[in-house]
Amino acid sequence: MTTLDVDVAVIGAGTAGLSARREVEKAGKRAILIESGHYGTTCAREGCMPSKLLVAAADAKHAVDGASRFGVRVEAARVDGAAVLARVRAERDRFVGQVVRLTERVPAGERLRGSARFLDRTTLLVGDDTRVRARAVVIASGSSPWVPPPFDAIRERADLSADVFEWRALPRTLAVVGTGIVALELGQALHRLGVETAFFNPFDELGPFTSPRLQRAARALFARELELHLGITETSARVVQGGVRIGWVEDGAHHERTFERVLVAAGRRSNLAALDLAKTGLPLDAQGKPPWDRRTCQCGDSPIFMAGDVIGRRQLLHEASDEGHIAGANAACFPEVTAHVRRAGLAIAFTDPQIAIVGRSFAELPHAEIATGEVSYEEQGRARVMGANAGLVELYAERASCRVLGAEMLGPSVEHLAHLVAWAVQQGMTVQDCLSMPFYHPTLEEGLRTALIALAKKLDVVGGCRVEDLPDECPGM
Ligand SMILES: Cc1cc2nc3c(=O)[nH]c(=O)nc-3n(C[C@H](O)[C@H](O)[C@H](O)COP(=O)(O)OP(=O)(O)OC[C@H]3O[C@@H](n4cnc5c(N)ncnc54)[C@H](O)[C@@H]3O)c2cc1C
């Protein structure tokens, strides 16, 4: 048994773990970075980047398919599935290579390969033969896809999101289990690339929306294009010749259908089980999670810190990175621990139309104390110009202060509007502050202004320009 003594042990060489390690190095302390799997991070290897590469291919096909509505005639596009997937892999491998090189720049003596688990609060066993004694530990072990019953019984025949990027050809038919962000991004992209795709969810929910109006709008909008089976019961799955036969009950009727492939994208669970956290003496909740503070990333008052997907809160790249920095800096200085100000919430799904939740969601707000401004993108000027006129945005402001608090968004390119709103939320801007900012014409941002004007009217306030002068100057604002 080898024993290593370090200041900080970091479990996981993903985005959060790499950020944490950097902070320890900056503080002049000795870290050891422990990784049980491949270097390269979930983001680059099987998450953000390859999924967006697949969406980009689907966008290209969709643009060609929709060209005739602008009077641009093109022969029917043919998707070369093998070529699409080869580009996804080639670009993915470039991104992964960059991260691997970055990780391997960490001196070899400061890296360990193997699975880590706790022996006590500050001692880890890595693999079978290395003991690490640390002054503090950062858990950045990420998350893994959850496979719900009955699909766990056919696990070896089901695909998880990471498997999609290893396909050599597109299937003819696909069942997608789940209607969350990952399921919608991948499922819609594959549908647009010509795969006959059907979505299944025992719940009546689609996407991350917490506003009932946005939920309804999203269900109606995606149902125009996608085959959705929501609120289903008695789901069954068995392997048959040529694929998987799925059975389900919908509106009282029993259905069965065979799909060449089944993509299970029903959410992700924290990688905690293998860590043996019970040995730390920390109190654990029903899911085996210790207490955790979002401003310090500390677990109780212990020398243990957590960062990234493992927390199971907002499983997003920038959150993992921020938490890694906070956890690493605090672990390096433990027992001195500093509370950090967190950024405004921002989550985006690269579906079409896009989805975003900004600042505080509808469900997180005290409804009696907020006003809602909204805009439909059905008639919005620039959206119509682009032939992308679909969607709804709700913008929330505090009645007492007129401060913008959050938004739920469904519409064309809302990734950009979401950033504007997130910046306004974080800056504590009021509805009037936002309205005094410039808006170019004709842009999708003008839709945001329509929602702000609706809010200003409800709050009975005016911005840097007169509210009554703003709308209707030009068509389609
Ligand atoms: C399909 C998909 C699309 C996504 N798209 C987006 C997007 O568009 N935008 C966005 O912001 N986010 C997106 N995400 C989420 C984003 O990828 C994650 O939030 C982020 O990568 C999490 O980083 P992390 O460091 O917490 O975990 P990871 O990068 O997963 O790192 C955890 C590491 O810990 C290692 N590990 C686990 N247990 C142990 C152990 N016991 N001992 C040692 N090592 C261990 C693992 O092998 C892993 O390498 C997407 C995710 C998926 C799956």
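Just checking, does the stretch 348-370 include any residue being assigned to a strand (DSSP E or B), over 17 Å from His419 (Cβ atoms) and modelled with pLDDT of 95 or more? Walk me through it before giving the result.
Kept after step one, since they are assigned to a strand (DSSP E or B), are these residues of the stretch 348-370: 348-349, 354-359, 370.
Narrowing the set further to residues that are over 17 Å from His419 (Cβ atoms) leaves 370.
Still in the running and modelled with pLDDT of 95 or more: 370.
Yes, the conditions are met somewhere in the stretch 348-370.
How about the stretch 237-248: which of its residues are surrounded by 14 or more Cβ atoms within 10 Å (Cβ to Cβ) and in contact with an Asp or Glu (Cβ under 9 Å, 6 or more places away or on another chain)?
Result: Val239, Gly243, Val244, Arg245, Ile246, Gly247, Trp248.
Spot the failing condition for Glu23; the list is (1) touching a strand residue (DSSP E or B) at 6+ places or on another chain (Cβ under 8 Å); (2) within 16 Å of the ligand (Cβ to nearest atom); (3) of a type in the set (Asp, Glu), and only one is missed.
(1)
Are there any pairs, at least 6 apart or on different chains, whose C-beta atoms fall under 8 Å, with the first in the stretch 23-50 and modelled with pLDDT under 95 and the second in a helix (DSSP H, G or I) and more than 8 Å from the ligand (Cβ to nearest atom), and if so, which?
Correct list of pairs: empty, since none qualify.
On the basis of being in contact with a Gly (Cβ under 6 Å, 6 or more places away or on another chain) and either modelled with pLDDT under 95 or farther than 19 Å from Arg192 by Cβ (or both), does Ser141 make the cut?
yes
Do we find that Arg219 is free of Cβ contacts under 8 Å to residues at least 60 places away in the same chain and within 21 Å of the chain's Cα centre (by Cα) in this structure?
It is true that Arg219 is free of Cβ contacts under 8 Å to residues at least 60 places away in the same chain and within 21 Å of the chain's Cα centre (by Cα).
Look through the stretch 5-18, keep the residues that are in contact with a helix residue (DSSP H, G or I) (Cβ under 6 Å, 6 or more places away or on another chain) and more than 8 Å from the ligand (Cβ to nearest atom), and return whichever of them is farthest from Met306 (Cα to Cα).
Val8
Okay, residues lined up against (1) in contact with a strand residue (DSSP E or B) (Cβ under 8 Å, 6 or more places away or on another chain); (2) over 30 Å from Met1 (Cα atoms); (3) at pLDDT below 95:
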| site | (1), (2), (3) |
| --- | --- |
| Ala76 | no, yes, yes |
| Arg92 | no, yes, no |
| Val100 | no, no, no |
| Pro107 | no, no, no |
| Leu112 | yes, no, no |
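Which one of these does Thr280 not meet: (1) within 27 Å of the chain's Cα centre (by Cα); (2) within 14 Å of the ligand (Cβ to nearest atom)?
(1)
For the condition hydrophobic (A, V, I, L, M, F, W, C), more than 17 Å from Thr122 (Cα to Cα) and buried (at least 16 other Cβ atoms within 10 Å of the Cβ), what is the one hit in Phe350, Phe305?
Exactly one of Phe350, Phe305 is hydrophobic (A, V, I, L, M, F, W, C), more than 17 Å from Thr122 (Cα to Cα) and buried (at least 16 other Cβ atoms within 10 Å of the Cβ), namely Phe350.
Can you find even one residue in the stretch 239-247 that is within 16 Å of the ligand (Cβ to nearest atom) and either under 26 Å from Val132 (Cβ atoms) or in a strand (DSSP E or B) (or both)? Give the derivation first.
Applying the first criterion (within 16 Å of the ligand (Cβ to nearest atom)) to the stretch 239-247 yields none.
No.
In the stretch 59-79, is there at least one residue being within 16 Å of the ligand (Cβ to nearest atom), crowded, with 18+ Cβ neighbours inside 10 Å and within 27 Å of Ala162 (Cα to Cα)?
no
What about Ala162, is it within 29 Å of Val244 (Cα to Cα) and within 13 Å of the ligand (Cβ to nearest atom)?
Yes; evaluated as a whole, the condition is true for this residue.
With (1) crowded, with 21+ Cβ neighbours inside 10 Å; (2) away from the ligand (no atom under 16 Å from the Cβ); (3) farther than 30 Å from Val8 by Cβ as the list, and Ala332 as the residue in question, which single condition is left unmet?
(3)
Take the residues of the stretch 123-134 that are more than 9 Å from the ligand (Cβ to nearest atom) and surrounded by 18 or more Cβ atoms within 10 Å (Cβ to Cβ): which is nearest to Phe305 (Cα to Cα)? I'd like the intermediate steps shown before the answer.
Step one: list which residues in the stretch 123-134 are more than 9 Å from the ligand (Cβ to nearest atom), which gives 123, 125, 127-134.
Filter once more, so that each one left must be surrounded by 18 or more Cβ atoms within 10 Å (Cβ to Cβ): 125, 130, 132, 134.
On the way: Leu125: 17, Thr130: 21, Val132: 16, Ala134: 12 Å.
This residue is Ala134.
Out of the residues in the stretch 390-436 that are touching a Ser or Thr at 6+ places or on another chain (Cβ under 9 Å) and polar (S, T, N, Q), which is surrounded by the fewest Cβ atoms within 10 Å (Cβ to Cβ)?
This residue is Ser401.
Kindly provide the set of residues from the stretch 257-307 that are within 17 Å of Ala329 (Cβ to Cβ) and either touching a residue at least 60 places away in the same chain (Cβ under 8 Å) or among the hydrophobic types (A, V, I, L, M, F, W, C) (or both), ordered by number.
Within the stretch 257-307, Trp292, Cys297, Cys299, Ser302, Pro303, Ile304, Phe305, Met306, Ala307 qualify.
Just the residues that are outside any strand (DSSP E or B) and surrounded by 23 or more Cβ atoms within 10 Å (Cβ to Cβ), please, taken from the stretch 4-39. Break it down into steps so the answer makes sense when it comes.
Going residue by residue through the stretch 4-39, those that are outside any strand (DSSP E or B) are 12-30, 36-39.
Once the filter is applied, which keeps residues that are outside any strand (DSSP E or B) and surrounded by 23 or more Cβ atoms within 10 Å (Cβ to Cβ), the stretch 4-39 yields Gly12, Ala13, Gly14, Thr15, Ala16, Gly17, Leu18, Ser19, Ala20, Arg21, Glu23, Val24.
Answer with yes or no whether Ala140 is within 30 Å of Thr2 (Cβ to Cβ), of a type outside the set (Val, Ile, Thr), within 16 Å of the ligand (Cβ to nearest atom) and buried (at least 20 other Cβ atoms within 10 Å of the Cβ).
yes
Which of the strands (runs of 3 or more DSSP E) contained wholly in the stretch 75-165 include at least 3 residues that are basic (Lys, Arg)?
130-139
The values are calculated or read from the model by the stated rules, or taken from the named source; none is laboratory data. This structure is a prediction, so every number in the text was calculated from the model and none was measured. Cβ coordinates were reconstructed from backbone atoms using ideal geometry, including for glycine residues, and neighbour counts include every protein chain displayed.
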